[in-house]
Amino acid sequence: MIREEKIQIPFVYAAGQAGSRFLVALRDDGRIMGSACAACGHVSVPTRSFCPACSESDLSDVELAGEGNLVSWTEIPGRGVFALINLDGADGALLHRLIDSPDKLAVGQRVRAQFAETRKAHISDLAGFVVTGAGP
Amino acid sequence: MSETVTVTIEMEQAWRYASGTAMERFSEGLKERRIEAVSCRLCGRAYLPPRPYCGKCNIRMSSWTPVKDEGELVAWTVMQLPMLDGRTGEMREAPYGMGLILLDGADTTLNHYLAESDPAKLAIGQRVRAVWCNERRGAMDDILHFEVIR
Amino acid sequence: MNRAAIIGTGQTRHARRRDDLSQPELVREACTAALADAGIGQKDIDAVVIANMELFEGRALPELWVGEGAFATGKPCMKIATGGTSGTSGCIAGFHQVASGLFDIVLVVGFEKHSEGHTQTGMALTDPFWDRTVASGALGNFALSISQYMVDRGVTEEQAAKVAVKARRNAARNPYAHLQMPDITEQEVLDSKMLAHPVRMLDMCPQSDGACAIVIAAESKAKKYCDQPAWIRATATRHQQPYIGDIDHRLTSMETLRSAARSVYAAAGIRDPLKELDVAEIYEPVSYAELAWYEALGFCEDGEAGRLIEDGVTEMDGELPVNPSGGVLSTNPVGASGVIRVAEAASQIMGRAGEHQVQGAKTALATGYGVYAWADAMILGTAP
């Protein structure tokens, strides 16, 4: 015998200290903030309270350019193109979506951030990235 | 303190859950208002819910024994606080009575609702009887609740 | 088996909501405090154990999200999720890793942010063919078992109220405790809102956001970093059958806790726990449970728990202070609560319990309680 049921689960996500700074900067200033580690130099995005590379907590916020390189991508039919983007000045990559992506995508292509018009301190305040040119 | 951000999300979780053969037989029986336990040939315990193995003796069980839809109230409470109904995710309004019932023929107890929600009228040792729904789907809520008979 | 000891503990301030911190930040706060208390750096940690009930947050894979908060990046890391025993079982797992000789230093951290999820939903997601029909929750399950326990042992609401008052008065000397009710009276407990007969609001634990961490070290490291380590002398874990109806007179019998206690007492050479233990931190989610645990833990004969609380035996100035921290009744971030029991017991042995220190504590008991009747026990001492 098989039983199928559904249940509603409400939950609240607390962005915390570093996550809140990232989301507020996104909302108020249309800026993408990261964190630079004094111990190992790793620059993470979004902002963190401790370094994902070395676990130390002596970090300072840095503003990142709204531009970067396409690291990898995948297209989910009906849902769009999702991509990992290495922002200029950051180590590692940010997962987001591509807007109006051209037919031909290539690793290393230049992309630029596009912000939503009405913003609410949510990751969707960053509407996505548009491809602006070929890679290096 | 600087602004802290929280994001609220409502999520729907869906399951598809397989009963296994012992629970299937039991559930099919409920449609006919029949309750059966499965018993262990080593320790002799008659288990509700039925299951394939005795957790005490760690052997397979396959012997079925009939259980009455009447028994003894061995523990009770009256909930005064709405609680979440695990079937829907909705809250069940209080007050409502709830008990552990030792059905005649079983050695483990059944947790179910009681018709009575006045704490002054409930006591350990009372005899209770299942009130069945007219429409039955082969699930524990085919029993609406238990009523005190004496 | 190699000797192992706790050399540092750390916890967060516990509260109904810690919206100021994300889950990894909350975990980091406790871990940083534990490392500072132990006098070690993150590079000294060989492995990490995380205790958490992720269904209570509604978010999968806490070891992924909070691991870096626990200094686990690039290190062995595992999660323990066994309801209320998550924390004590996590500590026991960490102990096994050190006692086996696999690692020299293990960091164990438990956390829960109940405010981010829906605890009742997590509790309700049980067997859909059997349990899920009845809207019961931990509260309802306890209330049922308490109705039996009161009849079996003649325990009264007044005796349970004394337990509730003791916990909150002790919590007033613990700056980390969630509930701060220094002036609480038995009458207030007895007048508090009825939740599920006979359990009232002030008989129950709160839901807390918080984290707690301990550092477990092998003998050579323990002696190097700590003047008075809390040596782990014995541990035991007991599980039970899956349904509440499987367990006959659950609180009265509590076979798992009885068995776990007998096991750790025998291993530590304890014959009379009331006399030989100096302090106990036990997992009591509801006032009545503490009375039942007194009997299961052998602090008194069966049926004598009510007298024990009435005589003040388990008060701070009694023969065996139970829960100087204020216990689960004052603070309950579920995944952390078992770690808190162990951390508090260890702090007593190390002489670092501050205003709720039991002077000269040499032998301490910590216990865990989970789901219907899972039980953990641990004996800590000033000597291995």
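Select from segment C:166-189 the residues that are aliphatic (A, V, I, L, M) and more than 15 Å from the chain's Cα centre (by Cα) and list them in ascending order. Correct list: C:A172, C:L179, C:M181, C:I184, C:V189. If you go through segment A:1-22 and keep only what is more than 8 Å from chain C (Cβ to nearest Cβ), touching an Asp or Glu at 6+ places or on another chain (Cβ under 7 Å) and either crowded, with 23+ Cβ neighbours inside 10 Å or in a helix (DSSP H, G or I) (or both), you end up with A:S20, A:R21. Taking segment B:66-109 as the range and being in contact with a Lys or Arg (Cβ under 9 Å, 6 or more places away or on another chain), within 28 Å of B:Q13 (Cα to Cα) and facing chain C (nearest Cβ under 7 Å) as the test, the residues that pass are B:M79, B:Q80, B:L81, B:M83, B:L84, B:D85, B:G86, B:R87, B:G89. Restricting attention to segment B:86-108, and to residues there that are out of contact with any Ser or Thr (no Cβ under 7 Å at 6 or more places or on another chain) and open to solvent by less than 20 Å² (accessible area, probe 1.4 Å), which single residue is nearest to B:T65 (Cα to Cα)? Step by step, filter segment B:86-108, then rank; the result is B:A106. The numbered conditions (1) open to solvent by less than 10 Å² (accessible area, probe 1.4 Å); (2) under 15 Å from C:I50 (Cβ atoms); (3) not in a helix (DSSP H, G or I); (4) not aliphatic (A, V, I, L, M) are all true for C:F129 except (2). The residue that is farthest from C:H249 (Cα to Cα), among those in segment B:110-122 that are within 9 Å of chain C (Cβ to nearest Cβ) and either in contact (Cβ under 8 Å) with a residue 40 or more places away in the chain or open to solvent by 50 Å² or more (accessible area, probe 1.4 Å) (or both), is B:P119. Residue check: C:N174 meets all listed conditions (1) open to solvent by less than 20 Å² (accessible area, probe 1.4 Å); (2) within 14 Å of chain B (Cβ to nearest Cβ); (3) not in a helix (DSSP H, G or I) but one, namely (2).
Taking segment C:43-55 as the range and being within 10 Å of another protein chain (Cβ to nearest Cβ) and open to solvent by 10 Å² or more (accessible area, probe 1.4 Å) as the test, the residues that pass are C:K43, C:L55. Could you give every pair whose Cβ atoms fall below 6 Å, whose first residue belongs to segment C:93-120 and is within 14 Å of chain B (Cβ to nearest Cβ) and closer than 12 Å to C:I45 by Cα, and whose second residue is among the charged types (D, E, K, R) and buried (at least 24 other Cβ atoms within 10 Å of the Cβ), counting only separations of at least 6 or pairs across chains? Here the result reads none, with nothing in segment C:93-120 linked to a residue that is among the charged types (D, E, K, R) and buried (at least 24 other Cβ atoms within 10 Å of the Cβ).
Just one of the numbered conditions (1) more than 9 Å from chain C (Cβ to nearest Cβ); (2) part of a loop (DSSP other than H, G, I, E, B) is not true of B:R25: (2). Selection of first residues in segment C:365-384 that are assigned to a strand (DSSP E or B) and of second residues that are among the small types (G, A, S) and surrounded by fewer than 24 Cβ atoms within 10 Å (Cβ to Cβ), restricted to Cβ pairs under 6 Å at least 6 apart or on distinct chains, gives the following pairs, ordered by first then second residue: C:G370/C:G83; C:A377/C:A236; C:I379/C:A234; C:I379/C:A268.
Only strands (runs of 3 or more DSSP E) whose full extent lies in segment A:47-136 are considered here, and the ones with at least 2 residues that are closer than 24 Å to B:T6 by Cα and open to solvent by 50 Å² or more (accessible area, probe 1.4 Å) are A:59-64, A:94-98, A:110-115. Yes or no: B:T4 of a type in the set (S, T, N, Q), out of contact with any strand residue (DSSP E or B) (no Cβ under 6 Å at 6 or more places or on another chain) and within 30 Å of A:R27 (Cα to Cα)? Against the criterion (of a type in the set (S, T, N, Q), out of contact with any strand residue (DSSP E or B) (no Cβ under 6 Å at 6 or more places or on another chain) and within 30 Å of A:R27 (Cα to Cα)), B:T4 qualifies.
Whether any residue in segment C:78-87 is more than 24 Å from C:Y372 (Cβ to Cβ) and touching a residue at least 12 places away in the same chain (Cβ under 8 Å) is what I want to check. Looking through segment C:78-87, at least one residue is more than 24 Å from C:Y372 (Cβ to Cβ) and touching a residue at least 12 places away in the same chain (Cβ under 8 Å).
Pairs are defined by a Cβ separation below 8 Å, a sequence spacing of at least 6 or placement on different chains, a first member in segment C:15-29 that is in contact (Cβ under 8 Å) with a residue 12 or more places away in the chain and under 22 Å from C:G326 (Cα atoms), and a second member that is open to solvent by 30 Å² or more (accessible area, probe 1.4 Å) and part of a loop (DSSP other than H, G, I, E, B); the pairs so defined are C:A15/C:H178; C:R16/C:H178; C:R16/C:Q207.
The values are calculated or read from the model by the stated rules, or taken from the named source; none is laboratory data. Everything numeric in this text was worked out from a predicted model, so none of it was measured. Every residue, glycine as well, gets a Cβ built from its backbone with ideal geometry; the counts of neighbours run over all protein chains shown. Remember, those area values only see protein heavy atoms, side chains included, never the ligands or the DNA or RNA. Shrake-Rupley method; radii C 1.70, N 1.55, O 1.52, S 1.80 Å.
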